[in-house]
Structure formats: structure tokens, C-alpha cells
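Everything on this sheet refers to the single structure shown next.
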Amino acid sequence: MGLKVYIDGKLVEQEQAAVSVFDHGLLYGDGIFEGIRAYNGTIFKADEHIKRLYNSAKAIMLRIPMEPEEFKKAMYDTMAANNLSDAYIRVVVTRGPGDLGLDPRKCPTPSIIIITADIQLYPEEFYRKGLDIVTVSTRRVNSSALSPRIKSCNYLNNIMAKLEGIRAGCVEALMLNSRGEVAECTGDNIFIVDGGVLSTPPLDAGILGGITRDVVIKIARGESMPVRESPLTVYELYVADECFLTGSAAEIVPVVCIDGRQIGDGTPGKTTLQLLAKFRQLTSEG
Ligand code: PMP
């Protein structure tokens, strides 16, 4: 029996889980999504992800025809239908089928998709050795054109950056904003530790408000560690003691080299590993 996918209120076999070629999610990337993890049967930060989903929907004037609590239940039902307790959950809400024009008013019914799958963990080596990343020339889209706070199905900006990263032999790529400040990676937020201070770009650097980012900030503050959300330059990254990335899939992954500059002693930092241990403690508690 294959994977069961939730689509428009029904759980169907993955082969039958399809959207119309007239869906504006496909035609224009007109939609929003979330990437979520479940640990031991509990969806990690479910309310925060649902809040971000509904906020993304609001920002693009898309009404999700379901209450947030119902949405949460649908995620749990989809996990249960697939007998999953540790899972990666991909939620997608598109504008739905319309005609070939841009006009969202021609799309009366949004498509709601929930895919729950076995989590494909990053190789253990990433955590043990740390990542080598590069700064790419593709800038993070300017907030005045499209807010990076909206987790939209329009990810070409990030994909263009990812392509550059892949060409340089890196699994992640660092994007700057239009002011030349550090923004974020293609699918992860970025942090440094320098002189005992944890720093990360502020939301107004034009980044996604990562949920893992929030959790890490809270863990650090709980440990009485000074935390700064302030603009960062690549120079500050190069000379930092430690660097790491955060994301629902990656959790906390150390970075040991940026643009050929070794970070710290070239191995995952002590504070990074302590934060990762605390983070894993939280996810195992549910
Ligand atoms: N930035 C971008 C561009 C992302 O796509 C993601 C992954 N959703 C993140 C940051 C990390 O966000 P989160 O911790 O909520 O997964």
C-alpha cells in the first residue's frame, strides 16, 4: 500500500493525488506552503506553523476554507493514515483551479494538500563535520517586491541561489539582501556565535521568520546567552567563532567554511552543539 495524501478533504492513494493543470499554484506559483516535522507522534510547533500558514494566506488574500484547529486535525489524520509518528509534513494551499489569466478571483476553491512522509534525515556527516557554504550572487527578493515572510510557492528566487550553490559544490547557499547584508540560506536561517554572543539577521533583513530560528533564540535566552537580531555582513560571518543554520528539516546544522574561509577551528562549534543538544531534547519531549 502506497502513501496516502490528503487532498481537498479526502485521503487518497498518492497515485490519485493530483491537482488540475489549471491550478494557479502550478500556473503561477500562486499558493503558500509549510514544511513541518513530527517527532514521536507530536507535530513540532504545530500552532506556530499553522499561524504562519494562515498569515501567509492572509498576506496573499487567500481564504483557507478551514479553521486552524481543523487543519491541525487533518495533519494528524494524514499521519495516522500512513502509520507515521516521525514524519516530514508538507502542507500546500494553492489558489486552486481557474482560467489561464492571473486573476485570483477566477479561482473560487483553494486546493488543500497535506503530504506526510518518512523523514529523510540529512546525512549524519553534516552534523559531525559541518557544512561548507558559499555566498551566491542571487540576492534575496526585495521585501518591497514580495515579502520573504510569506512562505509562498514562488521559490524561484531560492532555487536560482541553490543552483549557484550546487555549481560551487555546496549543499546550501548564502543569500544577501538588496543592501548587501546577510539575509538567509535558500531553505534555512543563519546564525553566528562570536565572543559568546549569538547573532542572526533581523526579520527586516528580508528573511523568512523561521520557526526553528525562534526556538533557537528562546533556548539561548533561556540559557542567559546574549542574543542579537541585528544586520550582519559577510565579514562578520568570516571572522565569527561559530556559524550554524536552522530549519525544520535541518534542525541545527553547523557551518565550518564560508567562501573558503574556515570558521573557528574548522569543526562544529561548542555552543552550536550545545544548542543542538537542547533542541533535540525539546523535540523528544514533544
Ligand atoms: N528560510 C527559508 C527561505 C526557508 O524556506 C526555511 C524553511 N522553511 C527556513 C528559512 C527555515 O524555517 P523553519 O525553521 O520555519 O523551517
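The values are calculated or read from the model by the stated rules, or taken from the named source; none is laboratory data. In this text the structure is predicted, and so the values were computed from the model without any measurement. Cβ atoms come from the backbone with ideal geometry, glycine included; neighbour counts cover every protein chain shown. Accessible surface is based on the protein model in full, side chains and every heavy atom, while ligands, DNA and RNA are left aside. Shrake-Rupley method; radii C 1.70, N 1.55, O 1.52, S 1.80 Å.
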Across the range 8-60, what is the number of residues that are over 13 Å from Arg95 (Cβ atoms), polar (S, T, N, Q) and more than 16 Å from the ligand (Cβ to nearest atom)? 4
Which one is nearest to Arg52 (Cα to Cα) among residues in the range 135-157 that are open to solvent by less than 60 Å² (accessible area, probe 1.4 Å) and aliphatic (A, V, I, L, M)? Ile150
When the residues of the range 181-202 are narrowed to those that are outside any strand (DSSP E or B) and open to solvent by 30 Å² or more (accessible area, probe 1.4 Å), which ends up nearest to the ligand (Cβ to nearest atom)? Gly187
Failed condition for Leu131, given (1) outside the structural domain of Leu232 (by TED's automatic domain parsing); (2) in contact with a Cys (Cβ under 8 Å, 6 or more places away or on another chain), with all others met? (1)
State all residues of the range 237-251 that are in contact with a Lys or Arg (Cβ under 6 Å, 6 or more places away or on another chain) and either within 12 Å of Thr200 (Cα to Cα) or away from the ligand (no atom under 15 Å from the Cβ) (or both); if no residue qualifies, say none. Tyr238, Thr246
Yes or no: the range 9-21 includes at least one residue that is touching a helix residue (DSSP H, G or I) at 6+ places or on another chain (Cβ under 7 Å) and of a type in the set (Gly, Ala, Ser). no
Filtered residues of the range 80-90 (kept if part of a helix (DSSP H, G or I) and open to solvent by 40 Å² or more (accessible area, probe 1.4 Å)): Ala80
Looking at (1) touching a Cys at 6+ places or on another chain (Cβ under 7 Å); (2) open to solvent by 60 Å² or more (accessible area, probe 1.4 Å), which one does Leu174 not meet, given that it meets all the others? (2)
Any residue at all in the range 91-100 that is within 16 Å of the ligand (Cβ to nearest atom) and assigned to a helix (DSSP H, G or I)? no
Output the residues belonging to the range 219-236 that are more than 16 Å from the ligand (Cβ to nearest atom) and assigned to a helix (DSSP H, G or I). Arg221, Gly222, Val234, Tyr235, Glu236
May I ask you to list the residues in the range 203-218 that are farther than 14 Å from Ser143 by Cβ and either in a helix (DSSP H, G or I) or more than 11 Å from the ligand (Cβ to nearest atom) (or both)? Ile211, Thr212, Arg213, Asp214, Val215, Val216, Ile217, Lys218
Test: Lys51 is basic (Lys, Arg), without any contact (Cβ under 8 Å) to a residue 12 or more places away in the chain and under 25 Å from Ser147 (Cβ atoms): no
Within the range 158-171, restricting to residues that are in contact with a strand residue (DSSP E or B) (Cβ under 7 Å, 6 or more places away or on another chain) and small (Gly, Ala, Ser), the one that is most open to solvent (accessible area, probe 1.4 Å) is Ala168
